[in-house]
Amino acid sequence: MNKFNLNNSYKAVVIGGSAGSFQGVVKILSQLPKGFPLPIIMCLHRLKHVRHGFVEALSLKSVVQVTEPYDKETIKRGSVYLAPANYHLSVELGHYFALSTEEMINNSRPAIDITLGTCAYVFKDKLIGILLSGANKDGALGMKQIKDRGGFTIVQEPSECMIDTMPKSALAITQIDQVLKIDQIVNFFKELDKLYR
Amino acid sequence: MQDIDIADLKRISELIYQKYGYDFRNYAMSSFKRRVLRIMDLKRFTVEALIRKLTESPEFIHEFLDELTVNVTEMFRDPSFWRIMREEIIPAILLNHKQFKIWHAGCSSGEEVLSMAILLKEMGIHQDVQLYATDLDTNILERAKSGTYSIKNMELNEKNYIRFQGAGSLKDYYREENGLAVFNKELLNNVTFRKHDLVTGEIFNKFDLILCRNVMIYFNQTLQNEVLKKFHESLFKYGYLAIGSKESLIWCDYANRFIVVNNEEKIYKKIKD
Ligand SMILES: C[S@@+](CC[C@H](N)C(=O)[O-])C[C@H]1O[C@@H](n2cnc3c(N)ncnc32)[C@H](O)[C@@H]1O
């Protein structure tokens with residue numbers, strides 16, 4: 001067995017992050033193993049009115065081009081997705097995305113809880129959830145839902161976070177499988193990737 | 001927060017359809033579920049209590065619909081879209097028609113309609129255009145008709161207007177009264193507000209431009225497909241259809257009867273009957 005006690009039954013990875021998470025996300029994406037098989041679905045807090053630039057900035061160093069999905073777009077193996085500005089991003093049972101303009105949650109649209117929660121509902125124990133640095137409690141409930149449905153949960157080591165409210169809120173309401181630094185999360189993806197080879 | 005399973009959600013949509021004729025059976029499940037849970041939370045209902053209320057109290061349906069539908073909207077949402085409207089789409093229509101008609105399908109509280117009215121005013125053609133604004137939610141239509149919004153929403157609206165690079169200041173179009181922004185009545189004098197359900201409603205007119213932004217995201221693909229056919233039928237040949245910036249029609253049956261005029265802002269043109 002590998003050091004994270006993983007297996008190759010996972011179907012998707014979902015990542016949430018807010019203030020201070022950008023560098024971490026860039027690092028993870030830039031060191032992602034080539035051909036990493038699972039879709040990665042990201043919900044990162046962002047300026048509501050800035051539609052452009054973010055996905056480009058993330059893609060710059062990323063191994064895989066990051067895209068903002070269209071409403072009802074099907075989730076594909078090995079793709080990396082980012083919740084678009086000013087929309088909540090949900091995953092539906094048929095493995096496709098749905099966008100919505102519902103009220104903000106925790107002052108955020110996109111809200112991490114919505115993306116994490118719907119992923120948990122659809123992928124159940126076949127999901128890996130990762131919550132990074134951030135200044136509010138968005139995502140904590142979503143991480144709990146992932147854990148409650150049998151998924152695997154990781155938060156960024158609070159001491160490494162620029163702002164640790166987000167991972168700490170998750171740690172406070174649910175059991176988190178791993179508390180890791182970004183470098184360790186990078187390794188985690190490498191270990192996980194090996195299981196699919 | 002309680003939870004609700006798909007079987008119960010289906011019971012609810014079936015009940016609303018059978019008893020009231022509103023058809024949510026093909027709405028996207030994730031947001032439909034959140035909306036129903038939200039109502040249960042607000043009213044402190046269990047699933048059974050909600051179903052009983054819907055069965056026994058017909059007057060409750062209006063409140064239910066008002067909460068179920070997502071009415072969140074902004075003036076000049078996506079300012080770049082409105083700039084394209086002003087600089088390309090409306091001028092293109094004007095080349096062929098001095099007078100024309102626009103339909104705002106799913107107008108919610110009316111911010112989009114008001115934005116259009118202001119845009120037309122600034123282009124000096126307000127009186128030549130007839131606007132139709134429809135929604136399924138009668139409560140929200142009443143708010144749209146009033147052209148009155150909470151002052152706290154105006155900050156975002158003003159910011160959008162500035163990004164739209166409007167001719168003046170948004171303040172030119174409203175006055176403040178008791179914490180409300182009251183827009184000039186005259187802006188809405190060429191607007192017909194009416195209740196209309198995109199799912200079950202009939203085709204009621206022909207248009208040169210239809211805006212249906214951030215409405216079809218609440219539908220599943222089957223329903224999007226059906227509604228696109230209705231829009232196709234409601235458009236004159238060479239008329240335009242604008243949808244939300246993150247929506248797509250490419251996989252719809254009728255997609256090949258349209259061409260993409262602006263992919264970034266999701267503006268299509270009907271080229272085939
Ligand atoms: C999020 S608002 C969109 C407002 C505006 N177009 C915008 O983009 O900001 C969605 C609106 O669609 C309306 N709606 C939902 N289902 C509908 C239906 N079947 N027929 C007509 N309107 C509907 C809702 O009541 C709501 O007011």
TODO: Between A:Ala172, A:Ala120, A:Ala135, find the one with the highest GNM mean-square fluctuation for chain A; connect C-alpha pairs within less than 10 Å.
DONE: A:Ala172
TODO: Step through the table entries B:Lys19/B:Lys185; A:Lys137/B:Lys185; A:Lys124/B:Lys269; A:Lys124/B:Lys43; B:Lys185/B:Lys229; A:Lys48/B:Lys269, compare each Cα-Cα distance with 32 Å, and write down the pairs that go over it.
DONE: B:Lys19/B:Lys185; A:Lys137/B:Lys185; A:Lys124/B:Lys269; B:Lys185/B:Lys229
- [ ] Could you work out the local net charge near B:Thr138, counting Lys and Arg as +1, Asp and Glu as -1, over the other residues with Cβ closer than 9 Å to its Cβ?
- [x] -3
TODO: Using the heavy atoms of the protein chains and a 1.4 angstrom probe, tell me the accessible area per residue for the protein assembly as shown in square angstrom.
DONE: 41
Open item on the list: Antiparallel versus total DSSP beta bridges in the protein assembly as shown: what percent is that, nearest 5?
Closed with: 35
- [ ] Compute the convex hull volume of the Cα atoms of segment B:50-116, divide it by the residue count, and report the result per residue in Å³ as a whole number.
- [x] 111
TODO: Grab the other residues whose beta carbon is less than 13 angstrom from that of B:Trp251, score K and R as +1, D and E as -1, and report the net.
DONE: -3
- [ ] Calculate the dipole size of the protein assembly as shown relative to its Cα centre from +1 charges on Lys and Arg beta carbons and -1 charges on Asp and Glu beta carbons; express the result in debye to the nearest 20.
- [x] 980
TODO: Quick one: pull the percent of accessible area on segment A:12-194 belonging to carbon and sulfur, 1.4 Å probe, ligands and nucleic acids left out.
DONE: 53
Open item on the list: Just to be sure I follow the definition: excluding the sites themselves, where is the longest run in chain B that has none of the chymotrypsin sites (Phe, Trp or Tyr not before Pro) in a DSSP loop with at most 15 other Cβ atoms within 10 Å?
Closed with: B:1-203
Open item on the list: Just to confirm my numbers, what's the Cα centroid distance between segment B:174-230 and segment B:42-58 in Å?
Closed with: 29
Open item on the list: Whole-Hz ³J(HN,Hα) for each residue in segment A:103-112, computed from phi via Karplus 6.51 cos²θ - 1.76 cosθ + 1.60 with θ = phi - 60°, x for glycine and proline: what do you get?
Closed with: 3, 5, 10, 6, 6, 10, 8, x, 9, 5
- [ ] Would you mind checking which residues have amide H under 5 Å from B:Tyr132's amide H? H placed 1.01 Å from N; only 5 or more apart, or other chain.
- [x] B:Ile102, B:Trp103, B:His104, B:Thr192
- [ ] First check a/c for chain A, with a ≥ b ≥ c the square roots of the eigenvalues of its C-alpha gyration tensor; if it is under 1.5, answer rounded, and if not, answer prolate when a/b is larger than b/c or oblate otherwise.
- [x] rounded
- [ ] Find out how many positive minus negative residues lie around B:Ser108, taking Lys and Arg as positive, Asp and Glu as negative, among other residues whose Cβ is under 9 Å from that of B:Ser108.
- [x] -3
- [ ] Could you tell me the accessible area of B:Thr222 in Å² (1.4 Å probe, neighbours in place), rounded to the nearest ten?
- [x] 80
Task: Average other protein chain Cβ within 10 Å of Cβ, residues A:90-102 - done: 6
Task: Most fluctuating residue given options B:Arg52, B:Arg257, B:Arg38, as computed from a GNM of chain B linking Cα atoms under 10 Å - done: B:Arg52
TODO: Using only protein heavy atoms and a 1.4 angstrom probe, determine the accessible area buried between A and B, summed over both sides, in Å² to the nearest 100.
DONE: 2500
Task: Placed amide H near A:Leu131: partners under 5 Å, 5+ positions off or other chain - done: A:Gly16, A:Ile154, A:Val155, A:Gln156
Open item on the list: Ratio of alpha-carbon Rg to the 2.2 N^0.38 Å globular estimate for segment B:1-45, to two decimals, please.
Closed with: 1.11
Open item on the list: Suppose a student asked you for the relative contact order of chain A, using Cα pairs under 8 Å spaced at least 6 residues apart; what percent would you report?
Closed with: 24
Task: Loop-located chymotrypsin sites (Phe, Trp or Tyr not before Pro) in segment A:150-197, at most 12 other Cβ atoms within 10 Å (DSSP) - done: A:Tyr196
TODO: Could you tell me the distance between the Cα centroids of segment A:1-45 and segment A:147-194, to the nearest Å?
DONE: 10
Open item on the list: From the phi angles alone, apply the Karplus equation (6.51, -1.76, 1.60; θ = phi - 60°) to segment B:146-159 and give each ³J(HN,Hα) in whole Hz, x where the residue is Gly or Pro.
Closed with: 6, x, 10, 10, 5, 4, 5, 7, 6, 4, 5, 4, 5, 4
Task: Mean residue ellipticity (222 nm) of chain B, computed from DSSP H runs ≥ 4 via -39,500 (n - 2.57), nearest 500 - done: -12000 deg cm²/dmol
Open item on the list: Please report the accessible area of B:Thr46 (heavy atoms, 1.4 Å probe, ligands and nucleic acids excluded) in Å², nearest 10.
Closed with: 80
- [ ] Could you go through segment B:169-178 in sequence order and give the Karplus-derived ³J(HN,Hα) for each residue, using 6.51 cos²θ - 1.76 cosθ + 1.60 with θ = phi - 60°, rounded to whole Hz, and x for Gly and Pro?
- [x] 10, 4, 4, 4, 9, 9, 10, 8, 9, 6
Task: In Å², nearest 10: area of B:Glu122 left accessible to a 1.4 Å probe - done: 60
- [ ] Could you pull out every residue, at least 5 positions away or on a different chain, whose amide H is within less than 5 Å of the one on B:Val261? Hs are placed 1.01 Å off N in the peptide plane, and Pro or chain starts have none.
- [x] B:Ile267, B:Tyr268, B:Lys269
Task: Within segment A:113-147: backbone nitrogen closer than 15 Å to the A:Val64 label point (7 Å, Cα to C-beta) - done: A:127-130
Open item on the list: On a 1.4 Å probe surface of the protein chains, which of B:Lys33, A:Lys48 comes out largest in accessible area, and what is the full order?
Closed with: A:Lys48, B:Lys33
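The values are calculated or read from the model by the stated rules, or taken from the named source; none is laboratory data. Predicted model only: the values in this text are computed from it and were never measured. Virtual Cβ from ideal backbone geometry, glycine too; neighbours counted across all protein chains shown. We work out accessible area using only protein heavy atoms, side chains counted, and drop any ligands, DNA or RNA first. Shrake-Rupley method; radii C 1.70, N 1.55, O 1.52, S 1.80 Å.
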